[in-house]
Structures are given as C-alpha cells and as structure tokens.
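*Asks:* Have a look at this one.
The values are calculated or read from the model by the stated rules, or taken from the named source; none is laboratory data. From a predicted model like this one, the values you see are computed outputs, not experimental measurements. Cβ placement follows ideal geometry from the backbone for every residue including glycine, while neighbour counts extend to all protein chains displayed. Surface accessibility is based on the protein's heavy atoms, side chains included, excluding ligands, DNA and RNA. Shrake-Rupley method; radii C 1.70, N 1.55, O 1.52, S 1.80 Å.
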Amino acid sequence: MYHTGSFIRGRSLVHRLDPRVKLSAALVFSIFILWVKPSLALASGVILLFPVLISDISLRTLVQAIKPLLFLIVLIFMVHVFFSDGSGEAPGGQTFHGLSFSRTGFQEAFWVVWRFLCLMVAAILLTMTTAPSQMIAAVKYFLKPLKKVRVPVDELAVMLLLALKLMPILLTEKERIETAQKSRGYDASRSGWVTRLKSFSHLTSKILTGVFRRADELALAMDARNFRRGERSSLAELKLTSSDYIVMGLLIFFLIIFVALNSHFG
C-alpha cells in the first residue's frame, strides 16, 4: 500500500525531468490555482491529470495518497457550506439542525475544495516522482543566494530531507498499531464515543513514541557516520536536458494563455 510522501521509482518523462523544473512548476501552479477564476481553476485541475497519467501512477494510488486528508477535505467543505454569508442570494435558504446553507455556500465550498485538491495532487505528484535526494538538491539550488546573509541552507535542506523520510514512517507506524488492535478483536465501529476517544489518545501516544524512537535511532546513525554541519556533496546531479527545456516552454506558453484569459474574463 502506498504511503503519502513516498517516492515511487519510474522511468516516465515526469520522473526524468530535472527536480528544479518540477519544483518550480509545482510552486507556480500552487500560486496560479489560488489566483485564477473558478472556470480556469477547473480547467487547470483537469490539465493536471495529464502529467499524472503519463507518470505511470494509477488513479488508485493517487486516491490512497489523498485518503489520509479526507477528514480535512470534508471539514473544509462543511465549514464553507454552513458558514457562508450567501450575500446577494434571495432569502429562504435551507436549514439543517439550526444551521443555514444556500446555493452560494455550496458553490463556494466546491471551488475551495477543488483548489485544495489541486494543490494536494500537485504536491503528491512532486513527491511521487522526485527522489528525496533530488528534491533536496533542488531546494539547495534555489536557496543558495541566502547563504550570503548567513542562512543555514544546508541545515534547512537536511531538515526537509528528514521530514520527507519520517512522514511515510509515521503512516506505517499508524497502520501497524491499527493492525495490532484489530488482531486483538478491537472494533472502533462498535465502541462508544468515550472508548473511541481513549483509543485515539492511545493510538496518538503510541505513534509519537514510535516516531521519537525512530528519530533517536536516526540521530545515532548520523552521529556514528560523523555527521557535521556545513556544506556537503551530493549524488544527485542537476543538469537540464532537452526535455526540460521543452516542458518549460510549454509551461510558460500555457501560463501566458491562462493569465490572458483570466484577465480578459476578469
């Protein structure tokens, strides 16, 4: 089973692209999807499926990566549905247990969730197709000018690498504990709210304990290998190819077209 944040090895075009190109594209897309009109946001999200399909990543794997954030997605949707002011709409909105909702609220909730899903898919695609070492090399490349103002770029890159490594471990630890609970006959669907809260508290403490243990083991391993602060060499080689230049040209072309359309219909 795929864990969110894990790298999937492959030989597709997206995998072979320079990490600087993919990181830049993800950042620009994130800003763009939050800025454009809803219709262009819908079109951008549909276009985003194209690199997903050519990266040899199944839609099932993509859904598995989004699933841990399903509760947050539903929460965002419900908040916008029930707490939207619905300005400009005719009176007589529907009510549900004392909370009012309207067509405007549903529309606003849909577009907010759609943009949030697009951001998640872009980030997941980036982590799926980019090895952590390449990601760190790209981050160090873009943060290199900050060294002139004494920003510890190398230490920040190491922290990001550790975060990328520990996130899948966190989900693996959660699944291991849940499997152990099920093997002992625990069924959350048949328990009351108090029991569920106690189980959630127990699960959280166990996960944190496991993560802290892994972090301690990692710190000992780094110390045993004589890890020191400062600049280090890397096996990841950053080199732009013809495919990178073609992809950058296409991205700039589509960006200009979409910005012009957004300004025209704005």
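*Asks:* Could you say which residue among 219, 188 is farther than 29 Å from residue 21 by Cα and at pLDDT 75 or above?
*Replies:* Of the residues listed, the single one that is farther than 29 Å from residue 21 by Cα and at pLDDT 75 or above is 219.
*Asks:* Could you give me the residue pairs with C-beta distances under 8 Å whose first residue belongs to segment 13-42 and is touching a residue at least 60 places away in the same chain (Cβ under 8 Å) and assigned by TED's automatic domain parsing to the domain that holds residue 56, whose second residue is open to solvent by 30 Å² or more (accessible area, probe 1.4 Å) and of a type in the set (S, T, N, Q) wherever it lies, and which are 6+ apart or on separate chains?
*Replies:* The qualifying pairs are 13/243; 16/241; 16/243; 17/243; 18/241; 19/134.
*Asks:* If you don't mind, there's one more thing I want to ask. Out of curiosity, is residue 170 on the phi < 0 side of the Ramachandran plot and either open to solvent by less than 30 Å² (accessible area, probe 1.4 Å) or touching a residue at least 24 places away in the same chain (Cβ under 8 Å) (or both)?
*Replies:* So residue 170 passes the test.
*Asks:* Taking the stated definitions as given, is residue 170 at pLDDT 75 or above, closer than 21 Å to residue 133 by Cα and touching a helix residue (DSSP H, G or I) at 6+ places or on another chain (Cβ under 8 Å)?
*Replies:* No, not satisfied.
*Asks:* Considering (1) under 30 Å from residue 202 (Cα atoms); (2) outside any helix (DSSP H, G or I), say which one residue 151 fails and leave the rest.
*Replies:* Failed condition: (1).
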